[in-house]
Amino acid sequence: MKAKTSDQHKILVDLYKGLLLVRRAEESLSSLFADGIVPGFIHLSIGQEAIAVGIGAHLSSEDTVASTHRGHGHALAKGVPLEGFFAEVLGKEEGLCKGRGGSMHVADLSVGMLGANGIVAAGSSIAVGSALAHKTLSRDAIAVVFFGDGALAEGLLHESLNMAQLLALPVLFVCENNGWSEFSPTSKQVSFNLEKWSAAYDVPYMTVNGNDVVAVHETAGKIIAKVRTNQPAVLECQTTRVRGHYEGDPQKYRGSEEFDQLADRDPIRIAATKLLALGVKDQELAAILDHVEREVSGALSAARNGRDPDFESARRDVYTGVGA
């Protein structure tokens with residue numbers, strides 16, 4: 001029993017660190033955006049960290065991930081370098097994509113991060129293609145695609161699930177169900193539920209409390225084991241979108257009662273409560289937070305000191321010279 005408790009302790013501590021890393025990175029970007037330092041729009045994953053972290057803990061660098069416009073947490077949980085991530089969002093030459101992708105197109109193929117995506121549901125076909133490559137080349141790897149519940153109305157998602165099942169591809173479809181499709185309740189946008197939708201394609205389906213990183217981790221482990229046998233599957237994670245559709249969204253379309261429930265749904269608060277129940281002291285939690293804050297601060301400082309984009313270099317990536 002002590003060994004099992006010790007294992008649970010280590011796993012949860014690692015998951016807790018992951019949650020804090022994503023949260024502090026997102027909060028830092030929120031502040032920078034408010035100061036006008038982050039170019040373009042950003043869509044933060046605050047409140048949804050447990051999904052990326054719980055699933056990411058089961059993935060290797062060979063596994064691939066296709067993400068969404070709200071993809072910072074997926075990228076960090078997949079293991080992209082923190083400094084390169086910040087530099088990319090800030091539009092610096094040292095960014096993972098030389099600052100040319102920005103927030104909605106963060107990618108790092110060296111760790112299997114195929115990229116965030118500004119087009120709703122577009123990651124689904126990318127993940128299916130990646131899963132086909134894994135299977136064709138006999139790789140011991142799977143593909144994971146994250147999408148919001150608002151993507152359920154997109155035809156490409158249906159086509160992707162159908163093809164994945166027909167070809168028996170190792171791809172996990174992860175729905176981050178936060179109840180919102182941009183500014184409208186998903187209930188007013190989608191006329192079916194995900195469990196019945198999955199059954200229509202004869203694809204295994206599981207659901208989990210997406211705010212509980214332990215539950216996500218345990219459920220993801222079970223369903224990913226199925227996917228690794230070339231069985232596509234669907235995992236629906238019920239979660240909470242704390243921030244607006246985009247950073248700066250006043251969210252006037254949301255009722256006050258929803259905001260009143262945010263603290264109880266906070267993935268970090270839920271994980272901390274579980275750690276305390278395992279005997280972890282408040283001082284240990286504070287030490288973990290301090291370590292993460294120093295890591296984020298150092299990476300962000302380095303990224304902010306990066307080089308601004310070189311126009312001629314960027315132009316050569318788009319156009320070739322005459323006769324080239």
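The values are calculated or read from the model by the stated rules, or taken from the named source; none is laboratory data. Owing to the predicted nature of the structure, the values given are computational and were not obtained by experimental measurement. Positions of Cβ are backbone-derived with ideal geometry, glycine not excepted, and every protein chain shown enters the neighbour counts. All accessible areas refer to the heavy atoms of the entire protein, side chains included, with ligands and DNA or RNA removed. Shrake-Rupley method; radii C 1.70, N 1.55, O 1.52, S 1.80 Å.
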Subject >> Within the range 38-69, tally of residues that are in a loop (DSSP other than H, G, I, E, B), in contact (Cβ under 8 Å) with a residue 60 or more places away in the chain and more than 17 Å from residue 18 (Cα to Cα) >> reply: 10
Subject >> Selection count, the range 221-255, where residues are assigned to a helix (DSSP H, G or I) and open to solvent by less than 80 Å² (accessible area, probe 1.4 Å) >> reply: 5
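Would you be able to say whether some residue in the range 169-191 is of a type in the set (Lys, Arg) and more than 25 Å from residue 241 (Cβ to Cβ)?
Initially, the range 169-191 is screened for residues of a type in the set (Lys, Arg), giving 188.
Cutting the leftovers down to more than 25 Å from residue 241 (Cβ to Cβ) gives us none.
No, there is no match, as no residue in the range 169-191 is of a type in the set (Lys, Arg) and more than 25 Å from residue 241 (Cβ to Cβ).
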**OP:** Look at the range 17-41 and say how many of its residues are of a type in the set (Val, Ile, Thr) and under 20 Å from residue 117 (Cα atoms).
**Re:** 2
**OP:** Could you tell me whether the range 239-258 includes any residue that is more than 29 Å from residue 155 (Cβ to Cβ), out of contact with any Phe, Trp or Tyr (no Cβ under 8 Å at 6 or more places or on another chain) and at pLDDT 95 or above?
**Re:** no
**OP:** Working only within the range 142-157, note down all residues that are open to solvent by less than 10 Å² (accessible area, probe 1.4 Å) and part of a loop (DSSP other than H, G, I, E, B).
**Re:** 142
**OP:** Output the residues belonging to the range 113-141 that are open to solvent by less than 20 Å² (accessible area, probe 1.4 Å) and closer than 17 Å to residue 227 by Cα.
**Re:** 124, 127, 128, 130, 131, 134, 141
Subject >> Meets criteria (out of contact with any Gly (no Cβ under 6 Å at 6 or more places or on another chain) and under 24 Å from residue 17 (Cα atoms)) for residue 160 >> reply: no
Original post:
Taking the stated definitions as given, is residue 299 over 26 Å from residue 44 (Cβ atoms) and either modelled with pLDDT of 95 or more or not small (Gly, Ala, Ser) (or both)?
Top reply: no
Original post:
Yes or no: residue 154 more than 30 Å from residue 310 (Cα to Cα), touching a helix residue (DSSP H, G or I) at 6+ places or on another chain (Cβ under 7 Å), touching a residue at least 24 places away in the same chain (Cβ under 8 Å) and of a type in the set (Asp, Glu)?
Top reply: no
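Looking at the range 96-112 only, could you name the residues that are surrounded by fewer than 24 Cβ atoms within 10 Å (Cβ to Cβ) and either under 24 Å from residue 55 (Cα atoms) or not charged (D, E, K, R) (or both)? Walk me through it before giving the result.
Step one: filter the range 96-112 for residues surrounded by fewer than 24 Cβ atoms within 10 Å (Cβ to Cβ), giving 97-102, 104-105, 107-112.
Across the range 96-112, the qualifying residues are 97, 99, 101, 102, 104, 105, 107, 108, 109, 110, 111, 112.
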Subject >> All positions within the range 294-308 that are touching a residue at least 60 places away in the same chain (Cβ under 8 Å) and either surrounded by 15 or more Cβ atoms within 10 Å (Cβ to Cβ) or among the basic types (Lys, Arg) (or both) >> reply: 295, 296, 299, 300, 302, 303, 304, 306, 307
**OP:** Identify the residue in the range 43-89 that is among the acidic types (Asp, Glu) and over 8 Å from the mean Cα position of the chain (by Cα) and, among all such residues, is most open to solvent (accessible area, probe 1.4 Å).
**Re:** 62
Original post:
Taking only pairs six or more apart or across chains, which ones have beta-carbon atoms under 8 Å, a first residue in the range 99-126 that is under 23 Å from residue 313 (Cβ atoms) and in contact (Cβ under 8 Å) with a residue 60 or more places away in the chain, and a second residue that is open to solvent by 20 Å² or more (accessible area, probe 1.4 Å) and outside any loop (DSSP other than H, G, I, E, B)?
Top reply: 100/314
Original post:
Quick one: what pairs do we get from the range 265-280, first residue outside any helix (DSSP H, G or I), second surrounded by fewer than 18 Cβ atoms within 10 Å (Cβ to Cβ), C-beta under 6 Å, 6+ apart or different chains?
Top reply: 278/9
